Every structure is written in C-alpha cells, then in structure tokens.
C-alpha cells in the first residue's frame, strides 16, 4: 500500500551540518498490516510517518501510495487523497473546543462540504464503537485525555480510510488508558481490516501490531520483539 524507495530527508538546524532525519530509506507497508515503528526520540520516526503521508516532502526518493507517487500529485489531489483515503491520529488530540464530540467527529466531511445524513450516521456508529455514544453533546473540556483520543480515532475513521497513521497516540496517557486505547486500535484493525502505520517510543506496544521495525539515526532496521 505504501512504498518508500530511497527516501532521504534532512533539516537545517542552524549547526555546521544539516540533521539527517531519514537516510536512503526503503520501506513497504502491506495492505492489512498493523506496522509498529519504534525508536528513541529524534531517530526519525515522525519524519518517516509524515513523509509516508505526503505531509513532508523528501529530499530524494519516491513515496508510492498504491503505486502512485504522492509527490507527482497536485496539492489538491494530495489533500483529497489524505482526506478520503487516510486517517490521522496524533499524540495530542487537537479537538476544536467549541465543537461537541459529534461535531469534532464529523469534521472530515464538514470540511468537504458533505455533512449528509449518511455521514452523521457513520459518525454516530463510530462513537458507539469507541465507547462515547453517550457523550455526543459533550465538549472536549468535559472529557478525559483518553476520551479525547477516542474522539480523534472516530474522526480518523469517518471516511473509511484505507490507511490509518498514528504518531505516538498514547504517549500522553497513563498506563491504564494507554492499554485501553491500544486495545481499541487492535479491535479496529481486526474488525475493519484497515492498514495501520504507528510510530512510538514505547516498545511494549509492539505486541499490538502484526509487524515491527526499529529506527536508529534515520535508518530502518528489522524489529526484535
């Protein structure tokens, strides 16, 4: 589903040499996988995720999504691909405080100008799935951190994405809530078959995935479970 071929990325950090975030990276994420990428802070995990999603342009190499180079697409085509075919769960929920749980969940179709009866029904279904069917009218400030992340997961799944990308989705949570969120990820993967690419510094989360790789200094290595 996602293929990186010879992808590299550097950043100018103001020092004598640029920071190498990715170095000549090859990676395949197969359809239906739950790939967990681990590594220390600063090893390039988030850069890898952002490059795979077409959010960050690589310095060299190709990023293929279903065989199509993401960087051969126009900005509009990239945005449409991300909105319709990808879902995103980040470390911090980034919910809009003025919107309700349901309103935040429906944002992907609201932005697309397509808030239909079917779209709302899908949002309600997903909020039931993540255990928030009784909190539809609540605002983010009335939710726990774990509940907020559940809203984000529901929102990410609204358009039935083929690929779900998660960047440290549980690192801001306590251990018990982290286990709940990761169990939810596993359940969603098993029930929907969505492909998941998740990066985390927590090695204990490897057990929730179907495949594991490690990153060290911008390079990909086989995982050791």
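Here the label points at residue 217 and residue 99, each 7 Å from Cα along the C-beta direction, are separated by 4.3 nm in the simple model.
For the chain, what is the relative contact order in percent, using Cα pairs closer than 8 Å and at least 6 residues apart in sequence? Once normalised by length, the contact order is 31 percent.
What is the antiparallel percent of DSSP beta bridges lying wholly in region 2-222, to the nearest 5? Before the final figure, lay out each step's value.
Numbers: 18 of 36 bridges.
Close to 50 percent.
With helices as the sole contributors, the chain gives -9500 deg cm²/dmol at 222 nm; each DSSP H run of n ≥ 4 counts as -39500 (n - 2.57), and the sum is divided by every residue.
Scoring 54-65, 33-44 by mean Cβ neighbours within 10 Å over their residues and listing the highest first yields 33-44, 54-65. Once the C-beta distance of residue 201 and residue 176 is scaled by a Förster radius of 25 Å, the resulting FRET efficiency is 0.85 to the nearest 0.05.
Using a simple spin-label model with pseudo-atoms 7 Å out from Cα toward Cβ, residue 17 and residue 62 lie 3.0 nm apart. Extending 7 Å from the Cα toward the beta-carbon at both residue 77 and residue 210 defines two label points whose distance is 2.9 nm.
FYI, it's all coordinate maths here, none of it is from the lab. These numbers come from a predicted model, not from an experiment. Glycine also receives a Cβ, built like all others from the backbone with ideal geometry; neighbour counts cover every protein chain displayed.
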